[in-house]
Amino acid sequence: MAVEAVDVRWATTDDAESLAVVLCEMATHYRQAPLDHDRATATAMQWLHDESPAYPHFAMAFSDGAVVGLTSVAIAHPGIDLERLMFLKDLFVRGSARNKGVGRALIGFLANHCVSKGIGRIDLTTEDWNEGAQRFYGRLGAERHGQKVFLRLSGKALRAAAKS
């Protein structure tokens, strides 16, 4: 496994096109309907425009000037012992860049951010079918945490909750 030189940084509005490229590839990987690239670019621009400088949500990885991966995160208050926590919503490495150190570089970037900002942990989920992701996180020392059940409010249920 060759480790590439990877540059990881917080995304800015200048990265909207690169973010859209990865979002489109990610949708296919996660068995979603293909995304319209122009719509993905416009949405990425809006998301990046709305980001708070205090809590950036996308970290992006580049190798030789090309985008190779991303993470989407949120910072939550309070965490255990009054330490904030980072929730890793997505970590995605493009197919051509897998097993080359990109995922480790992204996690290292996030972990360094957490340590420097007093954020006590990174919580994440992965699909039960995504054995590659589970092996990757296991190699990093992530432990299965069986105390929580993942639930979702969306669609009709979300609209009904909004009316209550």
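The values are calculated or read from the model by the stated rules, or taken from the named source; none is laboratory data. Since the model is a prediction, treat every value here as computed from it, not as a measurement. Heads up, the Cβs are rebuilt from the backbone with ideal geometry, glycines too, and the neighbour counts pull from every protein chain shown.
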Among Gly103, Gly108, the single one that is surrounded by fewer than 16 Cβ atoms within 10 Å (Cβ to Cβ), part of a helix (DSSP H, G or I) and at pLDDT 90 or above is Gly108
Scanning segment 111-131 for residues that are surrounded by 10 or more Cβ atoms within 10 Å (Cβ to Cβ) and touching a residue at least 12 places away in the same chain (Cβ under 8 Å) gives His113, Cys114, Lys117, Ile119, Gly120, Arg121, Ile122, Asp123, Leu124, Thr125, Glu127
By residue number, the members of segment 12-34 that are assigned to a loop (DSSP other than H, G, I, E, B), over 18 Å from Glu127 (Cβ atoms) and touching an Asp or Glu at 6+ places or on another chain (Cβ under 9 Å) are Thr12
Filtering strands (runs of 3 or more DSSP E) wholly in segment 53-100 for at least 1 residues that are of a type in the set (A, V, I, L, M, F, W, C) and surrounded by fewer than 14 Cβ atoms within 10 Å (Cβ to Cβ) gives 66-76
Subset of segment 34-52, residues within 23 Å of Cys114 (Cβ to Cβ), surrounded by 11 or more Cβ atoms within 10 Å (Cβ to Cβ) and acidic (Asp, Glu), comes to Glu51
Exactly one of Gly146, Gly120, Gly141 is of a type outside the set (A, V, I, L, M), touching a Gly at 6+ places or on another chain (Cβ under 7 Å) and either under 21 Å from Ala20 (Cβ atoms) or outside any helix (DSSP H, G or I) (or both), and that residue is Gly120
Of the residues in segment 134-153 that are among the hydrophobic types (A, V, I, L, M, F, W, C) and touching a residue at least 12 places away in the same chain (Cβ under 8 Å), the one that is nearest to Gly108 (Cα to Cα) is Leu140
Residue set Leu19, Leu82, Leu35; condition out of contact with any Pro (no Cβ under 7 Å at 6 or more places or on another chain), touching a residue at least 40 places away in the same chain (Cβ under 8 Å) and of a type in the set (A, V, I, L, M, F, W, C); output residue Leu19
### Query
Just a yes or no: is a residue in segment 66-75 over 21 Å from Asp15 (Cα atoms) and hydroxyl-bearing (Ser, Thr, Tyr)?
no
